[in-house]
Amino acid sequence: MDTATHFRQTVIAWAAGDENTPAPDEAAAARELAAGLGLHTVVLVEGVSDRAAVEALAERQGRDLTAEGAVVVPLGGATSITRFLRLLGPDGLDVRPAGLCDAAEQRFFLQGLERTGFGTARTPDDLEALGFFTCHADLEDELIRALGTDGVQRVIDDQGDLRTFRLFQRQPAQRERPVEAQLRRFMGTIGGRKEHYARALTEAIDLGSLPRPLDGLLAHL
């Protein structure tokens, strides 16, 4: 296991503990790993598919986030943001946060940043100044709009899943839905598919037409 993965798993375990009960083992291990990495930024994203997209774009840009002192950590849900941010403050790892959030979950990020002393944001521009970038609906929606539905279906074909997608489209619950909605639902029907396609779609996008939140986050880092 590489050091960045070990750090990520340790922070997730630390955050999963009781807020009112210290977790000395995880805290000490996370601090030691962070020091070894020369860590200065933790990128907080809602799930593993967001992490896959951020890391895929960094790779396409010829960047090594770990070497730059940044590690991407999935929260497992936006409501956990305050708990994770507390671990990054001066009483924890003392590193700066950054990340992505969905528009519907933005309030949790705004509240969390203020409660943990990282800054007050009232608008999306304020949030970006603190290092957090908002997806219109979610990152999958951003990627689909950036590639277009035809482009996404070409990626699905390249991955060998087009016949499966066509069968999915013919299901009674899907027939009348817009193709954008069908694509998003298809990617979430099997465990691991959403993460797989977050990376595949990111790898297929023209670097001159990146989704603004993803592009903004990588530029911020």
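See the values below:
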| item | result |
| --- | --- |
| Cα-projected label distance for A28 with Q9, points at 7 Å along beta-carbon direction, nm | 2.0 |
| Value at 222 nm in deg cm²/dmol, rounded to 500, when DSSP H runs of n ≥ 4 in the chain each add -39,500 (n - 2.57) | -17000 deg cm²/dmol |
| For segment 179-221, the Rg and Dmax computed from alpha carbons only, in angstrom | 12.3, 34 |
| Relative frequency of Cα-Cα separations exceeding 24 Å in segment 51-208, percent | 43 |
| Probe 1.4 Å, accessible area per residue of the chain, Å² | 48 |
| Residue-span extension gain [E114 to T149] - 0.36 nm each, minus C-alpha spacing | 8.8 nm |
| Loop GluC sites (Glu not before Pro), segment 127-221 (other Cβ atoms within 10 Å of the site Cβ: 10 or fewer; DSSP) | E176 |
| Sulfur and carbon atoms: percent of accessible area, segment 1-78 [1.4 Å] | 50 |
| Amide hydrogen neighbours beyond the local backbone of L210, cut-off 5 Å, H modeled | none |
| Vicinal HN-Hα couplings computed from phi for segment 83-96 (Karplus, 6.51 cos²θ - 1.76 cosθ + 1.60; Hz; Gly/Pro x) | 4, 5, 4, 4, 6, 8, x, x, 8, x, 8, 6, 10, 8 |
| Under 5 Å, built H, 5+ apart or other chain: amide partners of C135 | C101, D102, A103 |
| Accessible area of segment 91-198 belonging to carbon and sulfur atoms, whole % at 1.4 Å probe | 43 |
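The values are calculated or read from the model by the stated rules, or taken from the named source; none is laboratory data. Not measured: the values here are computed from a predicted model. Every residue, glycine as well, gets a Cβ built from its backbone with ideal geometry; the counts of neighbours run over all protein chains shown. Just the protein is used for accessible areas: all its heavy atoms, side chains included, with ligands, DNA and RNA removed. Shrake-Rupley method; radii C 1.70, N 1.55, O 1.52, S 1.80 Å.
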